[in-house]
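K.L.:
Below you'll find the structure I mean.
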Amino acid sequence: MADKLANRWIGATAMWLAQGKIKKKYNIDDEREALATCINQWVSALGQKDFMGGAAPDLADLAVFGVLRAAQGFETSHQLLLQSEVGPWYKRMAAVVGER
């Protein structure tokens, strides 16, 4: 039990410290804007295909879906799904991957 709590606190602290370096490395000022830009690039690359892998999801689809699914329940995720064109793809992925 103590190990779990220690790992949780150490991990959270490490991620908090790392986020500043990551933002500086990739020249990110606004995280939401950066995520929206990346998602728009994803949708553009997707084109008319159902999935990046074509008829079925590939590893790229799963990676992007994992990022969006991890943010599920947060306002940023909700806004992103409503304000971008990624919503239909996300729904197709959710149907293939299933619920948690």
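The values are calculated or read from the model by the stated rules, or taken from the named source; none is laboratory data. The shown structure was predicted, so the numbers you read here are calculated from the model rather than taken from an experiment. Methodologically, a virtual Cβ is constructed for each residue, glycine included, from the backbone with ideal geometry; neighbour enumeration extends over all protein chains shown. SASA here: full protein model, heavy atoms, side chains in, ligands and nucleic acids out. Shrake-Rupley method; radii C 1.70, N 1.55, O 1.52, S 1.80 Å.
K.L.:
Would you check which residues across region 1-45 are among the aliphatic types (A, V, I, L, M) and over 24 Å from Lys91 (Cα atoms) and list them?
P.N.:
Kept after step one, since they are among the aliphatic types (A, V, I, L, M), are these residues of region 1-45: 1-2, 5-6, 10, 12, 14-15, 17-18, 22, 28, 34-36, 39, 43, 45.
Correct list: Met1, Ala2, Leu5, Ala6, Ile10, Ala12, Ala14, Met15, Leu17, Ala18, Ile22, Ile28.
K.L.:
Of all residues in region 1-32 being charged (D, E, K, R) and assigned to a loop (DSSP other than H, G, I, E, B), which is surrounded by the most Cβ atoms within 10 Å (Cβ to Cβ)?
P.N.:
Initially, region 1-32 is screened for residues charged (D, E, K, R), giving 3-4, 8, 21, 23-25, 29-32.
Filter once more, keeping what is assigned to a loop (DSSP other than H, G, I, E, B): 29-30.
Values: Asp29: 7, Asp30: 10.
Once the filter is applied, the top-ranked residue is Asp30.
K.L.:
Taking region 66-89 only, how many residues are within 11 Å of the chain's Cα centre (by Cα) and not hydrophobic (A, V, I, L, M, F, W, C)?
P.N.:
Selection size over region 66-89: 5.
K.L.:
A further question on this structure: Taking region 45-74, which residues are open to solvent by 50 Å² or more (accessible area, probe 1.4 Å), among the basic types (Lys, Arg) and part of a helix (DSSP H, G or I)?
P.N.:
Hits for region 45-74: nothing passes.
K.L.:
When the residues of region 76-100 are narrowed to those that are charged (D, E, K, R) and touching a residue at least 40 places away in the same chain (Cβ under 8 Å), which ends up surrounded by the fewest Cβ atoms within 10 Å (Cβ to Cβ)? Break it down into steps so the answer makes sense when it comes.
P.N.:
Quick first cut of region 76-100, residues charged (D, E, K, R) only: 85, 91-92, 99-100.
Add one more test, that the residue is touching a residue at least 40 places away in the same chain (Cβ under 8 Å), and what stays is 85, 92.
On the way: Glu85: 13, Arg92: 15.
It comes out as Glu85.
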